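> My questions will all concern the structure given below.
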Amino acid sequence: MSVTTNIAHSDERTITIRGKDLVGELIGRRSFTEMVFFLVRNRFPTAEEARILDACLVTLMEHGLTPSAIVTRMLADNVPGQAQVAMAAGLLAVGDVFVGTIEGCARLLKDGMEGAATHAAYCRDVVAQHLARRAPLPGFGHRLHKPDDPRAVRLLALGAECNVKGDYARLLKQLSEELDRASGRHITINATGAIAALLLEIGMPLEVMRPIAVLSRCGGLPGHILEDKKTGSGRYIWRLVDDSIAYQPPAAE
């Protein structure tokens, strides 16, 4: 058995990435965002597609002391001088609760676009099923941003500016309207919901939705490592928790 790849190859003098010479055609000629798109889609993005992907990467890069940032700071303090350990630990916090909900929302949108008899009926069914299970609808709701997530508002407006087809964005808004109706209150479309719609609009497959979220958050973590070195925040968080713990002996059987 042999292993083959069409992604990259190198020899004594050249490095080739998807048929393009790294030195002669890519370095200094293509942006990081364009290369992400190129490696996933096997073609370079249009200017509008690059703008949308870049906006999605920027949106999730930084959001304060989220769990991934806290874990990164604590590991930076516990394993000093090994930034990759702190960053890897922080990225493990990108999951179904934080940031990683892009994947769940994108799956709902893709299923609705490809298999539903009518979008109205699909939205009713999806919302009803989630409410019956008391499960949050991926891409909706935010602890802080109310009544609307300003990031989602800007992203969806950007999609319109870039003249994407808009089918997934419209289905997202239809889901939002049905969720509001069934819940009896307004629940915002959050950033991950808007990103899911926009990434589908530019042809990103479901399999890369969470990796793109991880890639975005990765870009913000070096700043937390640097700040922790100056402030000692990771050590402070650990001591804060440790000092607040009260030991309680186990109850006698």
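> Among LEU57, LEU26, which is the only one that is surrounded by 16 or more Cβ atoms within 10 Å (Cβ to Cβ), modelled with pLDDT of 95 or more and touching a strand residue (DSSP E or B) at 6+ places or on another chain (Cβ under 6 Å)? It would help to see each step written out before you state the result.
On the way: LEU57 fails: touching a strand residue (DSSP E or B) at 6+ places or on another chain (Cβ under 6 Å).
None of the others qualify; the one that does is LEU26.
> Taking the options ALA106, ALA128, ALA88, ALA121, name whichever one is among the aliphatic types (A, V, I, L, M), at pLDDT 90 or above, over 20 Å from GLU207 (Cβ atoms) and under 21 Å from the mean Cα position of the chain (by Cα). It would help to see each step written out before you state the result.
Working: ALA106 fails: over 20 Å from GLU207 (Cβ atoms); ALA128 fails: under 21 Å from the mean Cα position of the chain (by Cα); ALA121 fails: under 21 Å from the mean Cα position of the chain (by Cα).
Selected residue: ALA88, the only one of ALA106, ALA128, ALA88, ALA121 that is among the aliphatic types (A, V, I, L, M), at pLDDT 90 or above, over 20 Å from GLU207 (Cβ atoms) and under 21 Å from the mean Cα position of the chain (by Cα).
> I've got another one for you. Quick check, is LEU57 of a type in the set (A, V, I, L, M, F, W, C), within 30 Å of SER233 (Cβ to Cβ) and in contact with a Cys (Cβ under 9 Å, 6 or more places away or on another chain)? Give the derivation first.
On the way: of a type in the set (A, V, I, L, M, F, W, C): yes; within 30 Å of SER233 (Cβ to Cβ): yes; in contact with a Cys (Cβ under 9 Å, 6 or more places away or on another chain): no.
So LEU57 fails the test.
> So, one more: Just checking, how many residues over region 116-147 are outside any helix (DSSP H, G or I) and either loosely packed, with under 15 Cβ neighbours inside 10 Å or among the small types (Gly, Ala, Ser) (or both)? Write out each step before concluding.
The initial filter retains those residues of region 116-147 that are outside any helix (DSSP H, G or I), namely 116-118, 133-147.
Next, from what is left, pick out any that are either loosely packed, with under 15 Cβ neighbours inside 10 Å or among the small types (Gly, Ala, Ser) (or both): 116-118, 133-135, 139, 141, 143-144, 146-147.
Number of matching residues: 12.
The values are calculated or read from the model by the stated rules, or taken from the named source; none is laboratory data. Just so we're clear, the structure is a prediction, and the values are computed from it rather than from any experiment. So basically every Cβ, Gly included, is an ideal-geometry build from the backbone, and we count neighbours across all protein chains shown.
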